[in-house]
Amino acid sequence: MCLGMITGIIITAHANIKDNHKWKELSDKHLALMLLFNRWITMTQEGKTLVSYFHNNHIKTIAIYGMSYLGRRLYAELKDSDIEVKYAIDQNAKELFSEINILSLDDELPLVDAVIVTPVYYFDRIYNELGQRTEAEILSLETILYEI
């Protein structure tokens, strides 16, 4: 009986640790998102634009990786500019609707000057995946916003 109780306690503790790790990761991800939005607003208030970054770096065509909050804001900022957003890439491509074509990593990715990764918390993993699928420069939106 004691062995059963000890086993139950261990299983419960293990489940709690996994659950806490999940919530910590989600919290860290949302903190990074909030800080990035803050940087974007600050940059905009200072009169700086993403368009000028792309011009200064000779980037004329892009794809946006990730069409959640940051991806939609990035598209909205660029859609009326001379920077052409050729398409987006998202793991949920089939479930999303947008003015632009949304592809998955399994699709053929047309040539662009750069792919801008908006899920910045997962940039390293995405960079490795994209690097196998495209010759385009792969940039984190976070890096761009802090370089402007």
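Can you spot a residue in segment 103-119 that is over 12 Å from Leu141 (Cβ atoms), among the β-branched types (Val, Ile, Thr) and at pLDDT below 95? No, segment 103-119 has no match at all. The set of residues in segment 82-97 that are in contact with a strand residue (DSSP E or B) (Cβ under 7 Å, 6 or more places away or on another chain) and of a type outside the set (A, V, I, L, M) comprises Glu84, Lys86, Tyr87, Asp90.
Checking each residue in segment 53-78 for being among the hydroxyl-bearing types (Ser, Thr, Tyr) and at pLDDT 95 or above picks out Tyr53, Thr61, Tyr65, Tyr75.
Filtered by the rule that a residue be surrounded by 15 or more Cβ atoms within 10 Å (Cβ to Cβ) and not small (Gly, Ala, Ser), segment 130-147 gives Leu130, Arg133, Thr134, Ile138, Leu139, Leu141, Glu142, Ile144, Leu145. Quick check, is Ile89 among the β-branched types (Val, Ile, Thr), at negative phi and in contact with an Asp or Glu (Cβ under 6 Å, 6 or more places away or on another chain)? Here the answer is no, as Ile89 does not meet what is asked. In segment 89-110, the residues that are more than 19 Å from Arg73 (Cα to Cα) and without any contact (Cβ under 8 Å) to a residue 24 or more places away in the chain reach residues that are of a type in the set (Gly, Ala, Ser) and surrounded by 14 or more Cβ atoms within 10 Å (Cβ to Cβ) with C-beta atoms within less than 6 angstrom, at least six apart or across chains, in these pairs: Ser104/Ala93.
When segment 85-120 is filtered for residues that are among the small types (Gly, Ala, Ser) and under 23 Å from His55 (Cβ atoms), the ones remaining, listed by number, are Ala88, Ala114.
Being within 23 Å of Leu26 (Cβ to Cβ) and in contact with a helix residue (DSSP H, G or I) (Cβ under 7 Å, 6 or more places away or on another chain): is that true of Glu129 here? No; evaluated as a whole, the condition is false for this residue. In the set (1) under 30 Å from Lys22 (Cβ atoms); (2) under 17 Å from the mean Cα position of the chain (by Cα), Asp106 fails one condition alone, (2). Only a single criterion out of (1) touching a strand residue (DSSP E or B) at 6+ places or on another chain (Cβ under 8 Å); (2) more than 18 Å from Leu139 (Cα to Cα); (3) modelled with pLDDT of 95 or more is not satisfied by Ile100, namely (3).
The values are calculated or read from the model by the stated rules, or taken from the named source; none is laboratory data. Values in this document were obtained by computation on a predicted structure and should not be read as measured data. Virtual Cβ from ideal backbone geometry, glycine too; neighbours counted across all protein chains shown.
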